[in-house]
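Trainee: Following this message is one structure expressed as structure tokens.
The values are calculated or read from the model by the stated rules, or taken from the named source; none is laboratory data. Being a predicted model, the structure only gives us computed values, none of them experimental. With ideal geometry, Cβ positions are generated from the backbone for all residues, glycine too; neighbour counts draw on all protein chains shown. Ligands, DNA and RNA are excluded from the accessible area calculation, which covers all protein heavy atoms including side chains. Shrake-Rupley method; radii C 1.70, N 1.55, O 1.52, S 1.80 Å.
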Amino acid sequence: MSQSNVSVNPRQYTLRGFHYQQRPSTEQKFLTVMAGALHIVIVDIRRDSSTFLAHESFHFDVGDRSSLLVPEGCATGFLTLVDGTTVQYQMSDHYQQEYYAGFRYDDPHIGVEWPAEPAIVSDRDRGFANLDPSAL
């Protein structure tokens, strides 16, 4: 892994995402819940994949002592389920702002059903447009 980040989320139902790096800087992510509990969603945005635009959800609790490997070409988003949730990310490539991208957490074309209504969404995440598959 090339870079490691920590996301500290003091409040329950904080939403982050959907985020990804565009080519040529696609990255794998390895996520571990260090404190609290999390609902993680991965969206496949690889045009040549048989699961293109499909998503899968996972629930992680610090007591699970589990991690999740997110493949290259997939976007991630998460919703904290308790106060004080901390997530460690390890990425296979360094963050490069010019390749950073995202799309709306409530994009109707993706159709994610979050386990609760987000209480906190950053201005950046709220400002994302819906995903444009033709741009991938």
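Trainee: Can you send over the carbon and sulfur percentage of the accessible area for the chain, probe radius 1.4 Å, protein chains only? The partial results should precede the final answer.
Mentor: Working: 3360 of 7170 Å².
About 47 percent, which is the carbon plus sulfur part of the accessible surface.
Trainee: Counting other Cβ atoms within 10 Å, keep those with at most 15, restrict to DSSP loop, and tell me which chymotrypsin sites (Phe, Trp or Tyr not before Pro) in region 9-88 are left.
Mentor: For chymotrypsin sites (Phe, Trp or Tyr not before Pro) across region 9-88 that sit outside H, G, I, E and B with at most 15 neighbouring Cβ atoms in 10 Å, the list reads F52.
Trainee: Under a plain spin-label model, where a point goes 7 Å from the Cα along Cα-to-Cβ, how far apart in nm are D123 and V82?
Mentor: 3.2
Trainee: Now, a different point. For region 1-87, what is the accessible area per residue in Å², given a 1.4 Å probe and the full set of protein chains?
Mentor: 48
Trainee: Now for a separate question. When the chain is fully extended, how far beyond the present Cα-Cα distance does N130 get from Q3, taking 0.36 nm per residue of separation?
Mentor: 42.9 nm
Trainee: Set Lys and Arg Cβ to +1 and Asp and Glu Cβ to -1, take the dipole of region 1-94 about its Cα centre, and tell me which of S66, V33, F18 lies farthest positive.
Mentor: F18
Trainee: Let me ask you something else. When the dipole is taken about the Cα centre of region 16-136, and only Lys, Arg (+1) and Asp, Glu (-1) are charged at their Cβ, what size is it in debye, to the nearest 20?
Mentor: 180
Trainee: Taking only C-alpha pairs under 8 Å that are 6+ residues apart, what is the relative contact order of the chain in percent?
Mentor: 40
Trainee: Step through the residues of region 25-31 one at a time and calculate ³J(HN,Hα) from phi using the Karplus curve (6.51 cos²θ - 1.76 cosθ + 1.60, θ = phi - 60°), rounding each to whole Hz and writing x for Gly and Pro.
Mentor: 9, 4, 9, 7, 10, 10, 9
Trainee: Then there is this: Any chance you could check the Cα centroid distance between region 81-111 and region 17-64 for me, in angstrom?
Mentor: 8
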